[in-house]
1. Could you list, in sequence order, all residues of segment 286-319 that are closer than 26 Å to Asp71 by Cα, more than 16 Å from ligand 2 (Cβ to nearest atom) and of a type outside the set (Ser, Thr, Tyr)?
2. Restricting attention to segment 200-214, which residues are closer than 11 Å to Asp186 by Cβ and away from ligand 1 (no atom under 13 Å from the Cβ)?
3. When you scan segment 289-348, how many residues do you find that are in a loop (DSSP other than H, G, I, E, B) and basic (Lys, Arg)?
4. Can you pull out the helices (runs of 4 or more DSSP H) entirely within segment 107-209 that have at least 2 residues that are open to solvent by 10 Å² or more (accessible area, probe 1.4 Å) and closer than 28 Å to Leu255 by Cα?
5. Take segment 254-282 and flag every residue that is open to solvent by 60 Å² or more (accessible area, probe 1.4 Å) and either assigned to a helix (DSSP H, G or I) or within 16 Å of ligand 2 (Cβ to nearest atom) (or both).
6. Go through segment 198-229 residue by residue and tally those that are in contact (Cβ under 8 Å) with a residue 60 or more places away in the chain and over 18 Å from the mean Cα position of the chain (by Cα).
7. So which residues in segment 333-357 are touching a helix residue (DSSP H, G or I) at 6+ places or on another chain (Cβ under 7 Å) and surrounded by 14 or more Cβ atoms within 10 Å (Cβ to Cβ), if there are any at all?
8. So which residues in segment 51-84 are within 23 Å of Pro317 (Cα to Cα), among the aliphatic types (A, V, I, L, M) and either open to solvent by 20 Å² or more (accessible area, probe 1.4 Å) or more than 16 Å from ligand 2 (Cβ to nearest atom) (or both), if there are any at all?
Amino acid sequence: MSALRGLHPRPLDERAVGFHCTEHDLSRSSRPLSDLVAPGIRRIAIPLPIRGLSIVNAYLVEGAHGWSLIDAGMHTAEAEQALRAGLADAGIGLEDVTRVFVTHLHPDHMGMAGTLERAGADVLMHTPEIAAARRVWSKGHEMIDASYEWFVRHGMPRDIDEGMRQAWIAMGARVDDLDHVSGVDDGESVDLGGRATRLRWTPGHTDYHAVLIDERDGVLFSGDHVLPRITSNIGLYPSSRDDPLGDFLGALARLRDLPVKRVLPAHGDPFDDLAGRIDELLAHHAARLDATIAAVGESERDAYTIARMLFPVLRSPHEERFALAETLAHLRHLERKGRVREIDGSPAQWSVTHAAQGSVIAPAP
Ligand SMILES: [Zn+2]
Ligand SMILES: [Zn+2]
């Protein structure tokens, strides 16, 4: 990619960016309402009103002492109908779900958790993700307002930013209110009706995203941390941890060699080769870091300009937001590696440091 440096800005990549992904979602397929994906585990495909991301998987786990659900869709009429139909396939109703584990705060995962809570289920999340969810979905919209200013500071035109703000508020309307969520800490066990799993903190996609591992059967409920066909959106926001992409790459590396035989992702089909997929994701981000340095080039550019070079096809305010946040996450990671620097201004500018010659993943001479 370094060969591109010094050329006029031009698109580096034809991929579109979606709600959670930086590649086209390939998960659209005709499939039954629910299907058995591992012993005692049924996938319920829940439709999403999101361009480029048509389905979120909820996993229904049958234990000796009750039924549990991993993730809870976004709350639309179609989604609730699909959830009820999927539960009916297993011969149960909403009121039979005793426990819901939500991998992270995004609306396609938390959406109907409150409905299940009111039907009698306990709702569990990684402890610090609960407070983050309350901030993101607060009716006061403080976090949305802070992000609005943040994106303008990084060069996003105000009219696009305003569209993004309205779209975010509309998403929040599809997330149920929750009365009580129980916290689970990193490394603690989570009992799914008699089936033992362990929570692992996997930051990056959100600061406190978590997965569950059934160590006895080698099953990983990977949420949006490891997806088979698309890459999780990794974004930098004003409230984010310091280096979300660094967090994400580290969390992938820590999962790679776990004894997992079956991966159950929140989007796309279940798959078996966890290490192989993690290697692909690590290579993808290494290439994107190189592409980001090439897009910064020899001059000073704001992050929005760089994002438009990396993601030339953006079809909605949501896509604009995720493209800019993802670009900022890559820039921040490069900054922490000493490869680029941020220059304060309005908008803030980025430039390549002298150390950034050649590939970002090349070993130092
Ligand atoms: Zn997500
Ligand atoms: Zn998702």
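1. Here is the first cut: in segment 286-319, the ones closer than 26 Å to Asp71 by Cα are 316-319.
Filter again for more than 16 Å from ligand 2 (Cβ to nearest atom), leaving 316-317.
Hit for segment 286-319 is Pro317, nothing else.
2. Listed by number, the residues that qualify are Arg200, Trp201.
3. 3
4. 127-136
5. From segment 254-282, those open to solvent by 60 Å² or more (accessible area, probe 1.4 Å) are 254, 256-257, 259, 261-262, 269, 272-273, 279-280; that's our starting set.
Hits for segment 254-282 are Arg254, Asp269, Asp279, Glu280.
6. 2
7. His333, Leu334, Arg339, Val340, Arg341, Glu342, Pro347, Ala348, Trp350, Ser351, Val352, Ala356
8. Matches in segment 51-84: Ile55 only.
The values are calculated or read from the model by the stated rules, or taken from the named source; none is laboratory data. Model, not experiment: these values are computed from the prediction. All Cβ positions, even for glycine, are placed from backbone atoms using ideal geometry, and neighbour counts span all protein chains on display. Each accessible area value is taken on the protein alone, full model and side chains, heavy atoms only, with ligands, DNA and RNA left out. Shrake-Rupley method; radii C 1.70, N 1.55, O 1.52, S 1.80 Å.
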